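**Q** Just passing along the structure, written as structure tokens.
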Amino acid sequence: MPADGLLAASWLLIALPLAGAAVLLLGGRRTDRWGHLLGTATVVASFVIGLLCTFQLAGLEEKSVGVDLFTFISAGSLDVRAGLLYDPLSAVFVLLITGVGSLIHIYSIGYMAHDPGRRRFFAYLNLFIAAMLLLVLGNSFVALYVGWEGVGLASYLLIAFWYTRPAAATAAKKAFIMNRVGDVGLTLAIFLMFSQLGTTSYSGVFGSVGTLAGGTVTALGLLLLLGACGKSGQFPLQAWLPDAMEGPTPVSALIHAATMVTAGVYLIVRSQFIFEYTSDARLAVAIIGTITLLMGAWIGCAKDDIKKVLAGSTMSQIGYMILAAGLGVFGYAFAIFHLLMHGFFKANMFLGAGSVMHGTNDDVNMRHYGALRKAMPVTFITFAMGYLAIIGFPGFDGFWSKDKIIETALSQNLTLGLCALLGAGVTGFYMTRLMLLTFFTKERWEPDVHPHESPKVMTVPLMVLAALSLLGGLVLLNDWIVTFLSPVTGEAPHEDPPLPALAISAIAVIVVAIGVALAWFLVGKREVSRTAPEKVSVFTAAGRNDLYGDAFNDLVIVEPGKSFTGGLAAFDRGTVDGGFEGTGRALSGLSGALRLAQNGFVRSYALSLLAGAALVLLALVVVNLA
Amino acid sequence: MTLTWYLVLAAILFTIGAVGVLVRRNAIVVFMCVELMLNSVNLTLVTFARAHGTVDGQIMAFFVMVVAAAEVVVGLAIIMSIYRTRRSASVDDANLLKY
């Protein structure tokens with residue numbers, strides 16, 4: 001239904017941060033002094049508008065509001081209108097993006113205080129917020145695509161924020177290129193929709209996707225899955241996510257943990273009307289999610305870099321969401337629920353890691369931490385909230401959301417469910433390891449490092465996020481959010497799980513407890529060396545190398561690609577260039593031979609003349625005789 | 001009266017001229033041989049003009065003479081200047097304009 005009231009102005013949500021980015025980028029150094037304040041203000045304003053819009057939406061009968069803006073593309077039978085769609089799903093995302101985004105903007109004021117590029121940083125962050133809001137608010141796949149590419153650009157700019165570091169510049173290029181691979185899938189899906197259905201708007205595709213052949217719908221689903229894999233760091237396009245941690249820590253928190261990387265989950269849940277028609281593609285989604293959740297957990301166990309452990313855990317948690325989204329109507333709401341909870345506790349922990357780095361001269365090696373709980377009490381307490389939330393300690397965020405996913409997975413597909421349960425145990429292990437190495441055990445600080453608590457502007461956002469990690473799950477208890485999302489995700493038919501929900505929760509808690517205990521015995525009780533041990537098992541070695549994702553890509557994509565282009569170049573040089581240059585050389589050789597006739601001797605020219613005349617005469621005679 | 005004698009004479013003169021141009025190196029001799037060829041052609045033109053009872057051939061012969069006179073002026077001047085710079089009148093020595 002068309003929008004009225006504040007919802008009609010929901011385009012302001014996108015316009016404000018976009019204007020902020022424009023002012024900061026075009027204003028240049030003149031805005032250095034107040035640029036960070038403007039950048040933060042636009043996002044906070046968006047959050048307030050989003051909150052009011054959501055309240056208005058909650059009071060409406062029909063929970064889906066369209067805002068028609070303008071004609072975006074009009075060519076022949078292609079008519080794409082730019083418009084926004086405000087429904088429970090986008091509302092949840094708007095609040096997550098602007099809410100967590102506001103906190104991270106505030107935090108960044110302190111974190112980036114000494115960076116000469118702070119204004120540029122806020123400009124890019126604003127650009128990201130605007131693009132991400134467009135991604136979740138657009139009412140067609142084309143609008144989603146514009147936002148999708150916008151966040152890709154912002155992600156690239158922010159990973160390479162410290163572009164003078166070769167590692168950051170390389171990581172940014174890697175992220176951009178691997179995202180392109182996924183984007184090809186999304187692009188092809190949009191092309192397919194247009195060629196088969198003639199429309200790309202959600203309502204149009206929703207109305208007519210049922211008329212397509214089964215194979216086409218499956219292809220559509222798999223192409224969308226490829227797009228989701230690229231953006232969300234899912235197997236087999238996961239290799240860019242750990243490297244993306246080269247960016248400033250608030251970026252890792254906002255983009256590569258809380259919001260942008262969850263766009264793949266949004267895409268699948270938003271396209272649920274397509275996935276409802278193809279159980280094959282849905283199964284593929286669930287399997288990809290399961291593989292990634294185990295891979296991410298594995299990587300998280302082996303890393304010593306605090307941000308890379310969190311990156312592995314991000315992959316793993318998004319794997320849970322993708323798994324839930326692959327379970328169809330049973331799982332969509334839980335995927336979004338977990339996404340929201342993950343947004344809180346992961347942003348909390350990333351910002352906490354940033355706070356730790358702030359106090360330890362930007363050291364990221366956990367083997368150089370130890371016993372930081374006394375030096376940084378606020379960071380410790382808030383981080384602990386995030387930790388308890390991610391491992392699923394009863395009462396915290398992860399307990400409510402992850403249990404629901406495990407429970408649903410167990411009742412839908414036992415194998416995937418058991419894998420998810422195993423993943424929960426491993427999560428307990430590696431997060432406990434991180435906690436122990438960072439805040440407990442003995443001091444292993446570098447000689448010139450004097451850990452200290454971060455300023456208020458950084459700790460207050462941490463406290464807010466910690467409170468959300470503790471209370472978010474309680475406030476949004478799955479019943480409420482499932483009801484709120486049901487206009488979009490559909491109502492799941494009631495099914496009895498194989499075991500009572502309470503029993504599954506108990507099992508999950510026990511599995512996590514085993515993981516925690518294992519970490520205590522393997523890490524907490526032992527002496528931790530300041531350098532990583534050289535002799536490690538193959539499993540640890542594989543985890544340290546991101547499960548050889550880069551080597552795999554090199555072997556399967558890069559090397560064959562190089563050979564192929566090498567072959568093409570050789571063909572070009574040998575056959576094409578050779579043909580042209582050979583013709584040229586033959587002609588110039590021939591003319592070189594003919595040129596010798598021009599020897600400068602007048603008498604030889606005279607002889608040629610005579611011979612020519614004789615020849616003409618002879619010809620005339622012959623012709624006359626014939 | 002037959003044309004044959006005149007034409008054979010003209011052919012002989014032309015051949016002498018042509019052979020002279022081809023085999024002699026002295027530019028003056030080559031030049032005279034060219035004149036010989038031109039005049040053998042003139043003889044042919046006049047012969048046929050007489051045989052046909054028209055004056056076309058004779059007019060052509062006059063043209064040839066005029067052109068030959070002009071050619072002599074230019075040609076001798078070139079030979080003179082080449083001789084002055086190279087101290088040689090051999091056509092084989094003036095072979096710089098080549099490939």
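**Q** Condition check: open to solvent by less than 20 Å² (accessible area, probe 1.4 Å), polar (S, T, N, Q) and in contact with a Phe, Trp or Tyr (Cβ under 8 Å, 6 or more places away or on another chain). Does A:SER10 satisfy that?
**A** yes
**Q** For the stretch A:552-609, name all the residues that are of a type outside the set (A, V, I, L, M, F, W, C) and within 30 Å of B:CYS33 (Cβ to Cβ).
**A** Of everything in the stretch A:552-609, those that are of a type outside the set (A, V, I, L, M, F, W, C) and within 30 Å of B:CYS33 (Cβ to Cβ) turn out to be A:ARG595, A:GLN598, A:ASN599, A:GLY600, A:ARG603, A:SER604, A:TYR605, A:SER608.
**Q** Then there's this: Out of A:ALA606, A:ALA597, A:ALA613, report the one residue that is open to solvent by less than 90 Å² (accessible area, probe 1.4 Å), more than 9 Å from chain B (Cβ to nearest Cβ) and not hydroxyl-bearing (Ser, Thr, Tyr). Write out each step before concluding.
**A** Values: A:ALA606 fails: more than 9 Å from chain B (Cβ to nearest Cβ); A:ALA597 fails: more than 9 Å from chain B (Cβ to nearest Cβ).
Only one candidate passes the filter, namely A:ALA613.
**Q** Any idea which of A:PHE176, A:PHE206 is open to solvent by 10 Å² or more (accessible area, probe 1.4 Å), out of contact with any Asp or Glu (no Cβ under 9 Å at 6 or more places or on another chain), under 28 Å from A:PHE122 (Cα atoms) and aromatic (Phe, Trp, Tyr)?
**A** None of the other options fit; the residue is A:PHE176.
**Q** Okay, next question. Filtering the stretch A:75-130 down to residues that are of a type in the set (Asp, Glu) and open to solvent by 20 Å² or more (accessible area, probe 1.4 Å), which residue is modelled with the highest pLDDT?
**A** A:ASP115
**Q** Return the only residue of A:HIS358, A:HIS338, A:HIS342 being in a helix (DSSP H, G or I) and open to solvent by 10 Å² or more (accessible area, probe 1.4 Å).
**A** Step by step, each of A:HIS358, A:HIS338, A:HIS342 is checked, and only A:HIS358 is in a helix (DSSP H, G or I) and open to solvent by 10 Å² or more (accessible area, probe 1.4 Å).
**Q** With A:ALA41, A:ALA91 as the choices, which residue is over 21 Å from A:VAL488 (Cβ atoms) and in a helix (DSSP H, G or I)? Spell out how you get there, then give the answer.
**A** Numbers: A:ALA91 fails: over 21 Å from A:VAL488 (Cβ atoms).
The match here is A:ALA41.
**Q** Take the residues in the stretch B:60-99 that are touching a Phe, Trp or Tyr at 6+ places or on another chain (Cβ under 8 Å), at pLDDT below 90 and surrounded by 15 or more Cβ atoms within 10 Å (Cβ to Cβ); name whichever of them is farthest from the other protein chains (Cβ to nearest Cβ).
**A** B:ALA89
**Q** Would you point out which residue out of A:SER401, A:SER454 is under 29 Å from the mean Cα position of the chain (by Cα) and not in a helix (DSSP H, G or I)?
**A** The match here is A:SER454.
**Q** Another one. I'd like the full set of residues that are open to solvent by 50 Å² or more (accessible area, probe 1.4 Å) and part of a strand (DSSP E or B), limited to the stretch A:55-74.
**A** Across the stretch A:55-74, the qualifying residues are A:ASP68, A:LEU69, A:PHE70, A:THR71, A:PHE72, A:ILE73, A:SER74.
**Q** How many residues does the stretch B:1-31 contain that are assigned to a helix (DSSP H, G or I) and away from chain A (no Cβ under 14 Å)?
**A** 9
**Q** Of the residues A:ALA75, A:ALA41, A:ALA82, which single one is free of Cβ contacts under 8 Å to residues at least 40 places away in the same chain, in contact with a Gly (Cβ under 9 Å, 6 or more places away or on another chain) and in the same structural domain as A:HIS114 (by TED's automatic domain parsing)?
**A** So the residue among A:ALA75, A:ALA41, A:ALA82 that is free of Cβ contacts under 8 Å to residues at least 40 places away in the same chain, in contact with a Gly (Cβ under 9 Å, 6 or more places away or on another chain) and in the same structural domain as A:HIS114 (by TED's automatic domain parsing) is A:ALA41.
**Q** Tell me, which residue of the stretch B:32-59 that is more than 11 Å from chain A (Cβ to nearest Cβ) and within 29 Å of B:TYR83 (Cα to Cα) is most open to solvent (accessible area, probe 1.4 Å)?
**A** So, considering only residues that are more than 11 Å from chain A (Cβ to nearest Cβ) and within 29 Å of B:TYR83 (Cα to Cα), the one most open to solvent (accessible area, probe 1.4 Å) is B:MET32.
**Q** Does A:ALA21 count as modelled with pLDDT of 90 or more and either among the small types (Gly, Ala, Ser) or crowded, with 19+ Cβ neighbours inside 10 Å (or both)?
**A** Yes; evaluated as a whole, the condition is true for this residue.
The values are calculated or read from the model by the stated rules, or taken from the named source; none is laboratory data. Every value quoted in this text rests on a predicted model; they were computed, and no experiment measured them. With ideal geometry, Cβ positions are generated from the backbone for all residues, glycine too; neighbour counts draw on all protein chains shown. For accessibility, only protein heavy atoms count, side chains too; no ligands or nucleic acids. Shrake-Rupley method; radii C 1.70, N 1.55, O 1.52, S 1.80 Å.
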